[in-house]
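The values are calculated or read from the model by the stated rules, or taken from the named source; none is laboratory data. Not measured: the values here are computed from a predicted model. Reconstructed Cβ throughout: ideal geometry from the backbone, glycine too, with neighbour counts over all protein chains shown. Just the protein is used for accessible areas: all its heavy atoms, side chains included, with ligands, DNA and RNA removed. Shrake-Rupley method; radii C 1.70, N 1.55, O 1.52, S 1.80 Å.
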Amino acid sequence: MTEPDDLLTLATPYALHAMPQSDIDDVDRLLAQAPTSVAAAFAEEVRAVRETMAMVSASTAAEPPGHLRDRLLAAVDGRTVVELRPRSTRGRTIVFAVAAALAIGVGAAGIGFAIRPVPKPTAAEQIFAAPDVRTVSGDIPTGGTATVVFSRERNAGVLVMNNVAPPKPGTVYQMWLFGANGPESAGTMDTAAVAPSTTAVLPDLGDSKTLAFTVEPSGGSTAPTTPVFAALPLV
Amino acid sequence: MTTFDPTSKLRGVTADLDALLRRVARQDVEAFATFYDNTRARVFGLVLRVLRDPGYSEETTQEVYLQVWRSAAGYDPAAGTPLAWVMTLAHRRAVDRVRSEQSAGQRESRYGAATVEIPADRVAEAVIQLDEQRQVAQCLDSLTDPQRECIRLAYYEGLTYVQVSERLSANLATIKSRMRDGIRGLRKCLGVS
């Protein structure tokens with residue numbers, strides 16, 4: 001591929017990303033050393049291929065889900081929208097291990113965290129280790145329990161849901177933090193996310209006083225559209 | 001979306017997209033929203049065609065637009081139109097994702113069924129004009145079968161041209177000319193300058 005003519009035959013696969021990254025790097029290196037006319041012809045071919053495929057994209061057009069727009073605008077607008085996802089089994093174990101330590105700590109202040117299992121603190125561990133850590137727990141009317149362990153100092157919490165029935169198909173559970181400015185979405189959980197035991201980090205509590213749950217259409221809503229079916233006071 | 005302005009049809013909005021992109025480079029959220037509305041169906045549709053998984057396509061589309069937000073200042077009008085720029089970003093990310101799934105050995109399980117049903121009402125008729133789609137379909141039809149197959153395997157299946165040549169048991173020079181001639185045919189048929 002060192003001959004200029006050979007280089008030009010690679011312009012189309014290059015423009016279509018039909019090359020491994022290592023080949024693309026090779027071509028870029030060769031272009032940097034190639035005569036200006038060759039580099040210009042290569043760039044023109046790449047441009048034409050990409051303009052053509054941009055036109056062809058009319059044939060594969062499909063509407064993205066509406067919530068993607070909300071999420072993107074929220075992301076670039078500096079607000080945080082958090083997708084709650086089930087944590088790994090390891091994370092869950094840590095949560096319960098530290099929760100157990102907390103329970104011990106109630107009776108024997110100070111010794112609980114000696115059994116903290118991993119050296120590098122996770123978000124959950126930092127919350128549990130905070131001096132102002134609090135726990136609120138409540139039953140979900142449709143079955144199961146929700147527990148939030150949170151710290152105002154860390155401005156974060158950990159939500160643990162046990163034995164909560166998954167949402168009906170086409171719907172999600174959406175979490176809302178209610179503060180002075182009304183409800184802010186704290187993420188959604190779909191059927192796949194609601195395991196027998198589900199743990200998620202709530203990274204930004206702000207001035208919220210309540211964590212509330214509603215049922216929303218798939219993908220979630222920008223504001224609650226159904227009555228709150230469960231709520232936990234964050235005090 | 002109700003915000004769509006029917007007077008700005010994609011073919012004629014290059015100048016508008018240019019202006020929008022300059023405003024996006026100055027971190028103008030409103031301009032970003034309009035840029036998104038004018039390109040989202042093409043971007044999401046292409047990503048979905050390559051990845052075939054709606055959830056992953058959504059993630060990848062989000063990454064594409066966050067990249068638009070971060071790197072709009074780097075857009076060079078001399079290198080192409082804003083539409084070609086964003087479609088190139090989208091295609092690159094989709095192909096990268098397919099290849100990383102392949103190398104992780106997950107493609108067979110997740111892409112095995114290899115079909116995504118896209119209901120007609122999800123096609124963005126407001127933004128993409130039907131006559132434009134028809135024209136593209138006709139131009140694709142005007143290619144030879146081997147040319148179309150090469151472009152499909154490389155562009156939509158994310159294969160490298162070497163993998164295409166292995167798949168079709170044809171030598172590299174043949175594959176490269178089929179790709180080049182196929183794109184040239186499309187280009188001429190679509191009247192791309």
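Given the C-alpha atoms of the range A:123-225, compute the convex hull and give its volume per residue in Å³.
So the per-residue Cα hull volume is 93 Å³.
Enter the Cα centre distance for the pair the range B:152-193 and the range A:181-235, rounded to the nearest angstrom.
48 Å
What FRET efficiency, computed as 1/(1 + (r/R0)^6) with R0 = 45 Å and r the Cβ-Cβ distance, is obtained for A:Asn155 and B:Arg23, rounded to the nearest 0.05?
0.85
Could you sort B:Glu166, B:Glu157 by their accessible area in this structure, using a 1.4 Å probe and putting the largest first?
Greatest to least solvent exposure: B:Glu166, B:Glu157.
Please give the solvent-accessible surface of B:Arg23 in Å², to the nearest 10, using a probe radius of 1.4 Å with every protein chain present.
In the full protein context, B:Arg23 sits at about 80 Å².
Hey, if you put +1 on the Cβ of every Lys and Arg and -1 on every Asp and Glu Cβ in the range A:135-235, which of A:Gly206, A:Val136, A:Val172 ends up farthest toward the positive end of that dipole?
Of A:Gly206, A:Val136, A:Val172, it is A:Val136.
Kindly provide the pair-distance distribution of the range A:148-190 built from C-alpha pairs, with 10 Å bins from 0 and whole-percent values in order of increasing distance.
In order of increasing distance, the bins hold 22, 48, 26, 4 percent.
Quick check: net charge around A:Leu232, other residues with Cβ under 14 Å of its Cβ, Lys/Arg +1 and Asp/Glu -1?
In short, +1.
How much accessible surface area, in Å² rounded to 10, belongs to the heavy atoms of B:Cys189 with a 1.4 Å probe?
Surface accessible to solvent at B:Cys189 totals approximately 60 Å².
Across the residues of B:41-48, average count of Cβ atoms on other protein chains within 10 Å?
Per residue, the average neighbour count from other chains is 6.
How big is the accessible area of B:Arg148 in square angstrom, nearest 10, if you roll a 1.4 angstrom probe over the protein chains?
For B:Arg148, solvent-accessible area is about 70 Å².
Quick query: amide H of A:Ala61 versus all other amide H atoms, modeled in the peptide plane; which residues come in under 5 Å with a sequence gap of 5 or more or a different chain?
Excluding prolines and chain starts, which carry no amide H, there are no hits.
Where does each of A:143-151, B:60-68 land if you order them by average Cβ count within 10 Å, highest first?
Packing order, densest peptide first, comes out as B:60-68, A:143-151.
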